[in-house]
Amino acid sequence: MEQREASRNGSFWLPLFVVVLGAFAAILNNSSINVALPKMMSIFGVSAEDAEWILTAYMLTSGVVIPVTGYLGDRLGTKRVYLACTVIFTIGSVLCSLAWNNSSMVAARVIQGIGGGAIMPVSMAIVYRIVPREKIGLALGVWGMAAVCGPAVGPTLGGYIVDHLNWRFLFTMNIPVGITGFFLAYILLPESTLRQSLKFDTWGFISSAIGCFTLLLALSEGTKEGWSSFYIVSLLIFFFYALLLFVIVELNHDQPMLDLSLFKNSIFSISVFAGSLITVGLYGGVFLIPLFTQNLLLLTPYETGLILMPAAIVTALMMPVSGFLFDRFGPKILAVAGLTLTAWGTLEFHNLSLNTSSHSIMLFAALRSLGMGLAMMPITTAGMNTVPASQVGRASALSNVSRQVAGSFGIAILTAVMQNRQVFHYASLAEGTSINSNAVSLLNQLNGYLTYAGVADASDAAMAVLGGLVAEESLVRAIDDTFIVAAVFIFIAIPLAFFLKKPVKKAGSTQTPSDASARGGPVVPDKLSESASN
């Protein structure tokens, strides 16, 4: 009754704020850690490879936890699971802030990843259970601000904290947020209907955990170890057989942990696939733009964050606007327009050079974010709206684990493309330099200046300087090429958006997801979900 009244009288906004707060805190924290890694390497006295496990441990733990969140939400209640996630994330943040070496930090990040990784899928399930279906677009637009703005705001905040405060504040700032979020969630969130008869899918969990762990580890370590190395190939083989076992188990289990039959729903499948493609493009920008500004333009992490801040603001404004428009016009127009803007903005970055101004980067990043904010929520909501309310938790877990893998895949594939193109451009530029009259003239001038300055082995020093210029230019061109690849992933998603349809409301129907959940029955909101469930 409490849940049903919350949906009907409009009081879902306060509970919605609570879950947005938790989701934003988890994503913001994870995205702000990147800029602190060099500082931690220095303090802990470890190599870059060891420090990267601070990021990898969180990602791997999240990948293992996300698939089981649907079962836990149905069996224990989404409110209880959300409260537990908040507590675990806060405890992990406390331990991270007290870490004394790299090993203790990695262990604390594992604990933090258990809570933080589960918050997003659980919070999405809560949104669908407390918000009436006719207002779900606007509500998910507000909720989606956390998913899209966190990666954009994180580097700015992290850079400021590292430059002006202490790196431990990256974690201690989560403590008051976690405590406040816990008490607000305890007071404001309604509990979902429990399904006591559910049985835990043990083999499904084991196979999914092994599969997600090995795949995400292979994607994160592939560039460093080599994609053809025994280590990476072994991980991919383990992933393949774990995935095969998982599919066999889930298709033959009467209560599967992840209901793969959801993919029979064509709209949901298109939504997940298109969302995964967009995630690759999103992570491409998050990964490539800071690389360009910091390594080539020599800006600090904080300065880079300030350049990307307008893009974050644009996304924050567009997410609820796109949700409002979704409730009135449906997903197709918004998704096509948003994806076109996103692809165009991403493609424009292939013209980056050392002479590109910060304002140009800011403009195209904002254009890209405008499209991202317009497209992401309608695509996600269009798929989730065709899922019966009783399966929302499982669908949320399935969608989130797909995007987790897509994000890791995006960083891995774009890193590989960038490195391969850098080698290609370096070889091409080096070959052209030897026969280019301007390059020979520059080399002679450098040699003359260094000789006049009394530099020993002036000829070798001049060659080193010229080699550095060639390496710099080859990296610029490699980043440009990689942005083209990132744009291609988004362009592929555009035709898929034409298959998304506006839900058709039944005449006289006022049933909400909460109403059906309270009675233990599914909601079929429109004709699309009827056909998908048949």
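The values are calculated or read from the model by the stated rules, or taken from the named source; none is laboratory data. Small disclaimer: the values here were computed from a predicted structure and weren't measured. Counting neighbours? That spans all protein chains shown, and the Cβs are built from the backbone with ideal geometry, glycine included.
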Residues that are out of contact with any Leu (no Cβ under 7 Å at 6 or more places or on another chain) and either closer than 27 Å to residue 308 by Cα or of a type in the set (A, V, I, L, M) (or both), drawn from segment 8-27:
16, 17, 19, 20, 21, 22, 23, 24, 25, 26, 27
I'm checking my understanding of the structure. Among residues of segment 339-367 that are within 16 Å of residue 314 (Cα to Cα), over 21 Å from the mean Cα position of the chain (by Cα) and not hydrophobic (A, V, I, L, M, F, W, C), which one is surrounded by the fewest Cβ atoms within 10 Å (Cβ to Cβ)?
359
Condition check for residue 284: modelled with pLDDT under 85, in contact with a helix residue (DSSP H, G or I) (Cβ under 6 Å, 6 or more places away or on another chain), outside any loop (DSSP other than H, G, I, E, B) and closer than 23 Å to residue 402 by Cβ
yes
For helices (runs of 4 or more DSSP H) lying entirely in segment 37-116, having 1 or more residues that are within 27 Å of residue 184 (Cα to Cα) picks out 53-65, 69-76, 78-97
Quick one: which residue in 22, 10, 45 is over 19 Å from the mean Cα position of the chain (by Cα) and either aliphatic (A, V, I, L, M) or modelled with pLDDT of 75 or more (or both)?
45
Of these, 273, 240, 268, which one is aromatic (Phe, Trp, Tyr), touching a residue at least 40 places away in the same chain (Cβ under 8 Å) and out of contact with any Leu (no Cβ under 6 Å at 6 or more places or on another chain)?
273
Select from segment 141-187 the residues that are among the hydrophobic types (A, V, I, L, M, F, W, C), in a helix (DSSP H, G or I) and modelled with pLDDT of 85 or more and list them in ascending order.
169, 170, 171, 175, 177, 179, 182, 183, 184, 185, 187
Taking segment 265-275 as the region of interest, how many residues are surrounded by fewer than 16 Cβ atoms within 10 Å (Cβ to Cβ) and under 20 Å from residue 71 (Cβ atoms)?
0
Kindly indicate whether residue 206 is part of a helix (DSSP H, G or I) and closer than 30 Å to residue 35 by Cβ.
no
Scan segment 324-367 residue by residue and report those that are acidic (Asp, Glu) and out of contact with any Gly (no Cβ under 6 Å at 6 or more places or on another chain).
348
Within segment 298-317, track down each residue that is in contact (Cβ under 8 Å) with a residue 60 or more places away in the chain, over 18 Å from residue 283 (Cβ atoms) and crowded, with 16+ Cβ neighbours inside 10 Å.
302, 303, 306, 309, 316
For the structure I just gave you, tell me whether residue 394 is crowded, with 19+ Cβ neighbours inside 10 Å, in contact with a Gly (Cβ under 7 Å, 6 or more places away or on another chain), closer than 19 Å to residue 31 by Cα and not assigned by TED's automatic domain parsing to the domain that holds residue 71.
no
Could you list all residues from segment 173-187 that are crowded, with 17+ Cβ neighbours inside 10 Å and either among the polar types (S, T, N, Q) or closer than 27 Å to residue 43 by Cα (or both)?
173, 174, 177, 178
